[in-house]
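Before any comments, here is the structure.
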2 protein chains.
Amino acid sequence: MLPERFSAKNFDVAHIRSSCATCSLRELCLPVGLNEEEVETLGEVIVNKKKIQRGGYLHRTGTKFQALYAVKSGFLKTCVLEEDGRQQVTGFHMAGELLGLDAISTDMHTCDAVALEDSEVCEIPFSKLEDISRTIPSLMHHFHKIMSREIVRDHGLMLLLGSMKAEERLASFLLNMSRRFAIRGYSETDFNLRMTREEIGSYLGLKLETVSRAFSKLQEDAIIAVNNKHVKILNLERLKLKMGNSSCAT
Amino acid sequence: MLPERFSAKNFDVAHIRSSCATCSLRELCLPVGLNEEEVETLGEVIVNKKKIQRGGYLHRTGTKFQALYAVKSGFLKTCVLEEDGRQQVTGFHMAGELLGLDAISTDMHTCDAVALEDSEVCEIPFSKLEDISRTIPSLMHHFHKIMSREIVRDHGLMLLLGSMKAEERLASFLLNMSRRFAIRGYSETDFNLRMTREEIGSYLGLKLETVSRAFSKLQEDAIIAVNNKHVKILNLERLKLKMGNSSCAT
DNA sequence: CCTTAATATTGATTTTAATCAAAACCGGAT
DNA sequence: ATCCGGTTTTGATTAAAATCAATATTAAGG
């Protein structure tokens with residue numbers, strides 16, 4: 001039987017192409033064997049606070065892996081630059097989420113991380129991680145394991161994305177955003193997106209006009225209410241159905 | 001600047017959705033610190049030989065990770081079953097390549113491995129891997145690292161695939177097959193594919209008719225000569241151009 | 001060898017999304 | 001408030017691939 005991991009219902013499109021977008025520092029460290037106290041230490045003592053202005057870079061592709069980052073406030077995107085200069089968005093990252101694990105296997109960042117609005121992050125320097133590794137030898141190993149798991153998950157998801165239509169992709173995206181806002185304590189059905197239609201399109205493999213049309217279509221069907229960047233989900237169930245349909249069709 | 005890893009020229013589409021398809025046992029073990037002799041030991045002594053008939057399963061989704069497999073002869077595909085029962089091909093695996101690393105992060109196989117023709121594999125039981133891990137503690141860690149690297153690579157590739165047209169996808173696929181045949185000592189320009197058009201389509205995110213048409217088109221353009229499963233590449237350079245065009249277009 | 005089922009090709013049509021183009025809208029700066 | 005650049009929406013057209021359908025080819029088994 002199909003394992004849970006590969007059921008479309010259990011996937012969020014936003015995981016696609018993102019690296020550990022939804023993995024909090026706590027989620028990351030507790031399974032390693034760090035206790036609450038140690039996680040606190042990581043979060044409160046070791047960490048350097050950093051501010052990044054809208055449009056500023058947290059890290060650049062190809063630069064050395066020097067730290068993990070926990071987003072404290074704001075909103076960031078990760079993206080890769082293709083050879084022709086176009087950029088492809090690989091993920092969105094909101095407060096409470098972790099960034100930087102993309103570099104864990106190569107020691108080099110594989111994407112740019114750009115602030116979509118003024119943001120604050122906590123930097124956990126690699127040197128500190130190494131210190132912890134000495135006390136908790138399995139830490140880096142565990143990071144690799146987490147990374148593989150996350151990325152295998154993404155991988156499976158992209159398979160599904162491949163067979164989805166524009167509207168279904170957008171539905172998946174919105175549901176993922178919804179879930180992540182909910183986790184962070186915001187409304188599940190009423191939120192502001194910080195990225196442009198173009199960025200959503202890049203992320204989902206669609207053109208901005210197609211994204212816009214998909215928004216309009218979902219609004220027409222009274223599943224959501226859109227006003228520019230503000231989205232209100234009117235019918236969560238039907239939105240989930242939208243997403244599920246694709247892999248059942250054909 | 002764009003790192004090598006994200007340049008389309010350095011990618012093979014066949015890496016997409018596959019797990020360590022092109023990573024040989026030797027390639028895998030040498031960087032861990034295993035010397036030639038130890039690799040031989042792995043390959044020659046520890047290993048159980050196994051035969052799988054055409055259509056037979058090497059491993060099933062959701063089953064426990066018990067061994068790595070090195071393909072000795074034959075041809076296999078890996079695939080996941082979607083909830084509606086359709087299967088999605090995630091990779092092809094030829095003699096000399098390694099299988100089973102998909103399970104490394106979860107201890108469960110995340111896909112089925114099916115023989116496309118009668119095949120022989122060498123099984124490296126997990127228990128033996130653990131034995132080696134005791135002598136070489138970094139082994140499993142290293143496997144994780146390899147796995148992350150491979151899969152991050154795939155990940156980047158799928159980004160590219162997303163913006164490719166049918167013909168370009170097929171070109172990438174053929175080039176990858178070509179390269180892998182070459183590595184294993186077969187002709188780079190003249191080979192038999194073992195999979196059906198439908199399987200290629202599933203792998204590339206296209207319908208079988210579209211794959212067939214793309215084959216015909218490449219033949220029309222005198223870039224390849226196709227006869228059913230047999231492919232002869234007439235103009236490698238132009239085939240490479242076909243592939244490169246996509247990410248430069250727009 | 002012939003039969004049959006699976007596979008592959010090709011054509012016609014429809015669906016989907018990209019592209020081109022114009023207008024409407026919004027947010028920040030003055 | 002007004003202007004302006006960037007963003008969003010919507011429409012018309014084109015291009016690509018899916019779908020439907022028919023035929024041709026191949027491989028496997030009797």
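In this assembly of identical copies, the label point of A:Glu209 (Cα plus 7 Å along Cα-to-Cβ) is separated from its counterparts by 2.6 nm, sorted shortest first. Using protein chains only (no ligands, no nucleic acids) and a 1.4 Å probe, work out which residues of segment A:89-122 have their accessible area cut by at least 20 Å² relative to the chain alone. Residues passing the criterion (a loss of at least 20 Å², heavy atoms only) are A:Ser105, A:Thr106, A:Thr110. With label points set 7 Å from Cα along Cα→Cβ, the inter-copy distances at A:Arg134 are 3.0 nm, sorted shortest first.
Computed on protein heavy atoms with a 1.4 Å probe, the accessible areas place B:His142, A:His93 in the order B:His142, A:His93, largest first. Extents of segment A:160-250, taken as max minus min of Cα coordinates on every principal axis and listed largest first, are 37, 26, 24 Å.
Express the relative contact order of segment B:160-235 as a whole percentage, based on alpha carbon pairs under 8 Å and six or more residues apart in sequence.
30 percent.
Length gained on full extension, B:Arg134 to B:His230, computed as 0.36 nm times the residue gap minus the Cα-Cα distance: 29.9 nm.
Using only the Cα atoms of segment B:59-135, build the gyration tensor, take square roots of its eigenvalues as a ≥ b ≥ c, and label the shape rounded, prolate or oblate: rounded if a/c is under 1.5, else prolate if a/b is larger than b/c, else oblate.
The shape class here is oblate.
For segment B:55-60, backbone phi angles converted through the Karplus equation (6.51, -1.76, 1.60; θ = phi - 60°) give residue-by-residue couplings of x, x, 9, 7, 8, 10 Hz, Gly and Pro being listed as x.
Between B:Lys207 and A:Glu37, the simple spin-label model (points 7 angstrom out along Cα→Cβ) gives 6.4 nm. Label-point distances for B:Asn192 to the equivalent site in the other copies, using a point 7 angstrom along Cα→C-beta, read 6.4 nm when ranked shortest first.
The values are calculated or read from the model by the stated rules, or taken from the named source; none is laboratory data. None of these values were measured; they are calculated from a predicted model. Cβ sites come from the backbone with ideal geometry, for glycine too, and all protein chains shown count toward neighbours. When the accessible area is computed, the model is the full protein with side chains, heavy atoms only, and any ligands, DNA or RNA have been set aside. Shrake-Rupley method; radii C 1.70, N 1.55, O 1.52, S 1.80 Å.
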